[in-house]
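I have a structure I would like to understand better, so I am pasting it below and will then ask my questions one at a time.
The values are calculated or read from the model by the stated rules, or taken from the named source; none is laboratory data. Since the model is a prediction, treat every value here as computed from it, not as a measurement. A quick note on method: Cβ atoms are made from the backbone with ideal geometry, for glycine too, and the neighbour counts reach across all protein chains shown.
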Amino acid sequence: MSKAFLVLDDGRIFEGSSWAFEGTTFGEAVFQTGMTGYQETLTDPSYHKQVVVMTAPHIGNTGMNTQDNESKKIWVSGFVVRNPSPITSNWRSEKSLEKELIDQKIVGISGVDTRALTRHLRDRGAMRVGIFSGQSLTREEMVIEVRKQPQMSGSYLSQDVSTKKSYVVAAQGEKKFTVAAIDLGIKGATPRALSIRGVETHVMPYNVSFKEISDLNPDGVFLSNGPGDPATMTATIDLVRKILLAEIPIFGICFGHQILGRALGFETYKLQFGHRGINQPVIDKNTNKVEITAHNHGFALKAPTDGIFSTVFGTGEVTHVCLNDGVVEGLQLLERAAFSVQYHPEAAAGPHDADYLFDRFIDLMLKYPVAQRIK
């Protein structure tokens, strides 16, 4: 293997070996703490424009298969591992991890001290990064190239990852509800989780109009996960306000949670290094139950975590808080059928502690039938 370099915009350089596709790539350096689920991470659109550092040292053991993909392609800009598995050992595997990365031209680097890199990102924060392999640039030139790249703050990325045309995921068994899912970077596991509950999900582009949604006459609206800075999503935020005024039940996750929060009048901010992993403890403030949850977010919502807050759409409350750092992880309106969480209840990959939230969405659609109110 030839030498490769991981170059951070603060000038720190890690040397490793060229792995997967050889070349140059740039993005935001983030770390993912899951011991498993690398395939779901790679194919999650929320990781668009990010170079992912896996904190688990041994990656690639189970290969890749079509069934576990969360979308049709790998979205990460680059992949950083300590020790890639030299063999694949799983009966479901269709291809090795490295072969899939090469086929999709994803630049990787191995042999990096990922513990030191993770500590650096934890202390200094997520930052711009470049991976250079097969290049003849000097170290100073590589740092200059990294610093030319755009920051994640202010990035508008939904147009890159959203579907271009609407499509339908049919309900399993009897159809009980119709849901309009606004695709801001949706994962495949989410419509599947709704499908098994009798929901026909219409996945619609990020720039869908309110008229297109109302013409569908949905029982509810789902706001998906996705990449980028929620502050840039002004059109989607205005759309959510129209949906709230129409009193259509809303369920948002991850990026969708941030969009709902901004529609209610709250601000969002960039976390120092984000939450990315499948072992994040979150407490439900109403039940005091602690859930272990799957996260992938670099931004968070500024909302009061104690007591009731007021918005133009009525009162609400923060329902979930991260036990690690006190970040807002869920909210709900008290007079309208709208709630959201910052994490991933579909748990692909990850624990299933939050799976009940899909049932809660079903209960809201039963409690607040809206078809007759949509104009």
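Can you tell me which residue among Ile87, Ile131, Ile102 is closer than 28 Å to Pro230 by Cα and out of contact with any Cys (no Cβ under 6 Å at 6 or more places or on another chain)?
It is Ile131.
Looking at this structure, is Gln332 at negative phi and in contact (Cβ under 8 Å) with a residue 60 or more places away in the chain?
So Gln332 does not fit the description; no.
In the range 1-15, how many are among the hydrophobic types (A, V, I, L, M, F, W, C) and assigned to a loop (DSSP other than H, G, I, E, B)?
1
If you don't mind, there's one more thing I want to ask. Quick one: how many residues across the range 258-287 are within 18 Å of Val318 (Cα to Cα) and in a strand (DSSP E or B)?
Number satisfying all stated conditions: 8.
Filter the range 279-324 for residues that are of a type in the set (D, E, K, R) and in contact (Cβ under 8 Å) with a residue 24 or more places away in the chain; which is surrounded by the fewest Cβ atoms within 10 Å (Cβ to Cβ)?
Ranking the candidates gives Lys302 first.
Against the condition part of a helix (DSSP H, G or I) and surrounded by fewer than 17 Cβ atoms within 10 Å (Cβ to Cβ), how does Lys72 come out, does it pass?
For Lys72, the condition - part of a helix (DSSP H, G or I) and surrounded by fewer than 17 Cβ atoms within 10 Å (Cβ to Cβ) - is not met.
Tell me which residues, restricted to the range 148-183, are in contact with a Pro (Cβ under 8 Å, 6 or more places away or on another chain) and either assigned to a loop (DSSP other than H, G, I, E, B) or modelled with pLDDT under 95 (or both).
Of everything in the range 148-183, those that are in contact with a Pro (Cβ under 8 Å, 6 or more places away or on another chain) and either assigned to a loop (DSSP other than H, G, I, E, B) or modelled with pLDDT under 95 (or both) turn out to be Ser155, Leu157, Ser162, Thr163, Lys164, Lys165, Ser166, Asp183.
To keep it simple, each residue is scored yes or no on (1) closer than 16 Å to Val240 by Cβ; (2) charged (D, E, K, R).
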position	(1), (2)
Asn296	no, no
Lys302	no, yes
Asp306	no, yes
Gly316	yes, no
His320	no, no
Leu323	no, no
Gly330	no, no
Leu334	no, no
Ser340	yes, no
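Continuing with the same structure: Only one of Glu174, Glu145 is more than 24 Å from Cys254 (Cα to Cα) and loosely packed, with under 13 Cβ neighbours inside 10 Å. Can you tell me which?
Glu174
Of all residues in the range 87-140, which are of a type in the set (Ser, Thr, Tyr), out of contact with any Lys or Arg (no Cβ under 9 Å at 6 or more places or on another chain) and over 25 Å from Gln272 (Cα atoms)?
Ser89, Ser93, Ser96, Ser136, Thr138
Let me ask you something else. Can you confirm whether the range 49-70 contains a residue that is modelled with pLDDT of 95 or more, touching a Gly at 6+ places or on another chain (Cβ under 6 Å) and of a type in the set (A, V, I, L, M)?
Looking through the range 49-70, at least one residue is modelled with pLDDT of 95 or more, touching a Gly at 6+ places or on another chain (Cβ under 6 Å) and of a type in the set (A, V, I, L, M).
Can you tell which of Pro304, Pro345, Pro351 is out of contact with any helix residue (DSSP H, G or I) (no Cβ under 8 Å at 6 or more places or on another chain), modelled with pLDDT under 95 and either in the same structural domain as Leu194 (by TED's automatic domain parsing) or not β-branched (Val, Ile, Thr) (or both)?
Just one listed residue meets the conditions, Pro351.
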